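The values are calculated or read from the model by the stated rules, or taken from the named source; none is laboratory data. In this text, all values refer to a predicted model and were calculated from it rather than measured experimentally. A quick note on method: Cβ atoms are made from the backbone with ideal geometry, for glycine too, and the neighbour counts reach across all protein chains shown. For accessibility, only protein heavy atoms count, side chains too; no ligands or nucleic acids. Shrake-Rupley method; radii C 1.70, N 1.55, O 1.52, S 1.80 Å.
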Amino acid sequence: MPKTALLKESERIMRICNACRYCEGYCGVFPAMMQRKSFPDVDLVYLANLCHGCRACHYACQYAPPHEFDVNLPQTLAALRTQSYRDYAWPKPLARAFDRNGLVVALISVLVTTLVMLLTYVVQDAGVLFATHSGAGAFYQIMPHRVMVIPSAGIFLFALLALTIGFTRFLRDTGVRVHQLLNPRTMWRAATDAAQLKFLTGGGDGCNYPNERFSHLPRWYHHGMMYGFLLCVAATSVATFYHYGLGWEAPYPFASWPVVLGTVGGIGILVGTGGLLWLKMQSDPEPRDRQSTGMDVAFLALLLLTSLTGLLLLVARETPAMGVLLAIHFGVVLALFLALPYSKFVHAGYRFAALIKYARERRAVPGKIELSSDY
Amino acid sequence: MIDTSHIYDVLIIGGGNAALCAAITARREGATVLLLEHAPRTLRGGNSRHTRNLRYTHKQANDFLTGPYLEEEFWQDLSRVTAGKTDEALARYMIRESEDMLDWALNNGVRFQPPLSGTLSLARTNAFFLGGGKALMNAYYATAEQLGVEIEYHAQATDLRIQDARFTSAMVTQRGDACEVRANAVVVASGGFESNVSWLKQAWGDPAENFLIRGTSYNQGRMLRVLLDQGAKPVSEPDQCHAVAIDARAPRFDGGIVTRVDCVPFSIVVNKAAQRFYDEGEDIWPKRYAIWGRLVAQQPDQIAYALIDAKSQGLFMPTVFSPLQADSLRELAEKLKLDPDALENTVAAFNRSVKSDNFDPSVLDECATEDLDPPKTHWARALDTPPFYGYPLRPGITFTYLGVAVNAHAQVLMGNDEPSPNIYAAGEIMAGNILGQGYIAGIGMTIGSVFGRLAGQEAAHHAQNGAA
Ligand SMILES: Cc1cc2nc3c(=O)[nH]c(=O)nc-3n(C[C@H](O)[C@H](O)[C@H](O)COP(=O)(O)OP(=O)(O)OC[C@H]3O[C@@H](n4cnc5c(N)ncnc54)[C@H](O)[C@@H]3O)c2cc1C
Ligand code: SF4
Ligand code: SF4
């Protein structure tokens, strides 16, 4: 990785922070920083991905602009994070999707959805498309099961491959070895830090997002989104099992597992992404990184659209609108799958990898006391 | 814009810890409060913005501190560093009153953290602000705003109208416009005069030109001057201050904590002539760092250089500026613009006098020089392992002690020792009552917090008891 201006700036700020350390209680970045004397590029990338962007350290910083030291840690680390998403993207030619990610993800969403709708319209007989269907297999009268599964599974597997390659490369560069992933204590620590979004708690009062006031809202919205997403993954898995294992065809009754999990998850995503977008609109521009913002907004919007169209489909599945809604929802889901490895979604993996590294470091190196003057 | 039609109950001059403690307390007592901060919002909070912790009395360990710290021990610590130059009654009063400071701060939005690193010596006595002093100030400002304290930034108090020791109004300049603000009582919490270089020069002479000011550039001492000129009784001396040796490359003002250089006990420190001038290893660093500002101030051109070799890297807090580095002493001397022969001689003499090799940075070890003047009494190791590193040092002024005398109601005493009925002072501007000289970590915030609250309360009572 060449020494970019961004890496230089990150190193400059880390040096200031490491001589200061006033923010050590906010998150993991500072304790991790304090174990270091110098900041090679890979360490900077690790720290950038460990940062949850809570902004507490910005409002607390006596060196923030207009101070001549011009310290803006959340902005710098956000920019470096986004750069690392590009650097670790696979395959290489697609990495450029991160350059103008907001636009790219928006285009993918619109194009894929439109394409699916057009194809459905062209292929499917209008009489069938706009009719009311009900009972098991109703969806497949609009779109044969195979037509849905083959492209989505294909794209999904590709996305999974791309994400895994990025994740493993990141782990390798940050110095985490495969056998360390089998250490239950490390993994438990990293998993609980991730599950609780511990480093969005800002040491107790929450983060400084969207502005200087402390708030737990961003964390709760993120929880809504994250757990909503996981519930939707669970819903899809159960449905897959029903289909192939038990031979039951969708749509499933309202009181079935796939529908309940999917509905709760969908609402979680809807509230979570909606809330995060709403906060983003009000967010203080000073600690913000513009490029990352486009990426964040595009992915939040795509996720929101996925859950919205899914919920609409659920509500209207016994009406003549079902055909069109199914096409739209299917299109959006395909777009989401396609965008995953080239969107903000990748942060889940890199963040988790950084938390694993952090969990290891904290265990391996006891806090070292250096000599310092008092205050 | 400042509302000049109104007569406020309490006017607070200043925008640091002492001022905010006063404003919040006065407002909670029901007074109408106007607070004037000279700095813009982005730089509000004076020196308090740069702080890390607060020393206060407590009977037992708690979430943030490892054990009790009782009045008597606090007093002993204070009386030792001030060598008796303190007002014992007032100091003991402050020490007792500091006891509920942590709870008060918590209730007003401040958050604390257990001391995590580098500060073992303070883990029992000092509570550390989560996020440091700027986070503390943000919390106090948010609370004050919520309570309805009127806050004006860019607002410098330039003069006070005082008749027969009674305050009637303050002259204020805000963004070039002058106005007069009336209030029934005033709390002056505008810091010391550390950023007023011409005043420093009166006390120190030309060397003050080479001083760096660690904190805000807004503590010009304007209110201190006005009060003294109008007959307030002074305490301490113009040249008494807290001063440390900081990196000479630090900005003139506001460099704050990161400019510290903590390698001195493991180094040799030479002046411009490449000569040593003081025992670098006299005592553990937390007990000695605060004398080095003065020591460097006494050297020619107020500059010195702390030199270490590769063996000592990593034993002290990382520095914000990279040291100058060289593979030989001659080369280092050239980089530091010192006479290479003189430096080689100084180091050779030092290295010859080094005897023991039982080096232990965690205790007062036995590595002392023999037959060397000045000696280095601990951690003396030969400088012989390249690369060699040099940190240029200058005096860094933290804050000045010359102030106005106050009584146990935080009222300013006039020349005849009579208190003013409605002028109160808190923080650096009266720190000299407690600190005639010397310093113990975290007491700057004790002074501002306790006297700030006291002044706010007394001023509110005075204003409300039909004082007009
Ligand atoms: C780098 C550094 C670290 C420190 N760390 C600690 C620590 O950890 N613990 C500790 O106890 N102490 C520490 N101190 C000392 C501590 O900062 C001071 O003792 C304390 O902040 C003083 O509070 P104050 O409210 O009196 O003054 P300040 O916080 O300096 O506030 C003075 C205020 O008055 C304003 N002002 C000045 N003149 C006028 C005017 N004419 N009109 C209107 N406003 C005016 C200024 O803008 C400023 O807001 C540190 C100091 C420095 C420089
Ligand atoms: S962000 Fe600012 S206050 Fe926080 S550790 Fe870094 S330099 Fe210090
Ligand atoms: S923005 Fe938050 S998570 Fe990131 S470094 Fe600052 S305090 Fe830590």
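Selection of the range A:42-58 for residues being away from chain B (no Cβ under 14 Å), within 13 Å of ligand 2 (Cβ to nearest atom) and assigned to a loop (DSSP other than H, G, I, E, B) yields only A:Cys51.
Does B:Pro207 fit the bill of being out of contact with any Lys or Arg (no Cβ under 6 Å at 6 or more places or on another chain) and open to solvent by 50 Å² or more (accessible area, probe 1.4 Å)? Spelling it out, it is not the case that B:Pro207 is out of contact with any Lys or Arg (no Cβ under 6 Å at 6 or more places or on another chain) and open to solvent by 50 Å² or more (accessible area, probe 1.4 Å). Quick one: which of A:Tyr26, A:Tyr63 is among the hydroxyl-bearing types (Ser, Thr, Tyr) and either surrounded by fewer than 20 Cβ atoms within 10 Å (Cβ to Cβ) or more than 16 Å from ligand 1 (Cβ to nearest atom) (or both)? So the residue among A:Tyr26, A:Tyr63 that is among the hydroxyl-bearing types (Ser, Thr, Tyr) and either surrounded by fewer than 20 Cβ atoms within 10 Å (Cβ to Cβ) or more than 16 Å from ligand 1 (Cβ to nearest atom) (or both) is A:Tyr26.
Restricting attention to the range B:238-268, which residues are more than 9 Å from chain A (Cβ to nearest Cβ), outside any strand (DSSP E or B) and within 13 Å of ligand 1 (Cβ to nearest atom)? If the condition is that a residue be more than 9 Å from chain A (Cβ to nearest Cβ), outside any strand (DSSP E or B) and within 13 Å of ligand 1 (Cβ to nearest atom), then B:Ala250 is the only one that fits. Among the residues of the range B:150-174, those identified as open to solvent by 10 Å² or more (accessible area, probe 1.4 Å) and β-branched (Val, Ile, Thr) are B:Ile151, B:Thr158, B:Ile162, B:Thr168, B:Thr173. Within the range A:25-36, being hydrophobic (A, V, I, L, M, F, W, C) and at the interface with chain B (Cβ under 7 Å from one of its Cβ atoms) holds for one residue alone: A:Met34.
Conditions tested, residue by residue: (1) within 14 Å of chain A (Cβ to nearest Cβ); (2) surrounded by 20 or more Cβ atoms within 10 Å (Cβ to Cβ).
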site: B:Met317; (1), (2): yes, yes
site: B:Asn345; (1), (2): no, no
site: B:Phe350; (1), (2): no, yes
site: B:Val354; (1), (2): no, no
site: B:Asp384; (1), (2): no, no
site: B:Tyr389; (1), (2): yes, yes
site: B:Gly396; (1), (2): yes, yes
site: B:Val406; (1), (2): no, yes
site: B:Met414; (1), (2): no, yes
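Kindly provide the set of residues from the range A:230-275 that are outside any helix (DSSP H, G or I) and open to solvent by less than 70 Å² (accessible area, probe 1.4 Å), ordered by number. Listed by number, the residues that qualify are A:Gly247, A:Ala250, A:Pro251, A:Tyr252, A:Ser256. Evaluate the range A:42-60: report whether one residue or more is modelled with pLDDT of 95 or more, in contact with a helix residue (DSSP H, G or I) (Cβ under 7 Å, 6 or more places away or on another chain), farther than 30 Å from B:Asp63 by Cα and surrounded by fewer than 22 Cβ atoms within 10 Å (Cβ to Cβ). Yes, there is a match, as at least one residue in the range A:42-60 is modelled with pLDDT of 95 or more, in contact with a helix residue (DSSP H, G or I) (Cβ under 7 Å, 6 or more places away or on another chain), farther than 30 Å from B:Asp63 by Cα and surrounded by fewer than 22 Cβ atoms within 10 Å (Cβ to Cβ). If you go through the range B:280-289 and keep only what is part of a helix (DSSP H, G or I) and open to solvent by 40 Å² or more (accessible area, probe 1.4 Å), you end up with B:Lys287, B:Arg288. Filtering the range A:19-30 to residues that are in contact with a Lys or Arg (Cβ under 7 Å, 6 or more places away or on another chain) and either more than 10 Å from ligand 3 (Cβ to nearest atom) or among the polar types (S, T, N, Q) (or both) leaves only A:Tyr22.
For A:Ala138, are the conditions met, namely being open to solvent by less than 40 Å² (accessible area, probe 1.4 Å), within 35 Å of the chain's Cα centre (by Cα) and under 27 Å from A:Ala250 (Cα atoms)? Yes, satisfied. Residues that are closer than 21 Å to B:Cys241 by Cβ, part of a helix (DSSP H, G or I) and modelled with pLDDT of 90 or more do occur in the range B:301-319. On the given criteria, is A:Phe39 within 14 Å of another protein chain (Cβ to nearest Cβ), part of a loop (DSSP other than H, G, I, E, B), within 16 Å of ligand 1 (Cβ to nearest atom) and touching a residue at least 24 places away in the same chain (Cβ under 8 Å)? So A:Phe39 does not fit the description; no. For the range B:272-294, a residue qualifies if it is more than 14 Å from every other protein chain (Cβ to nearest Cβ) and either closer than 16 Å to B:Gly396 by Cα or within 16 Å of ligand 3 (Cβ to nearest atom) (or both), and exactly one does: B:Arg294.
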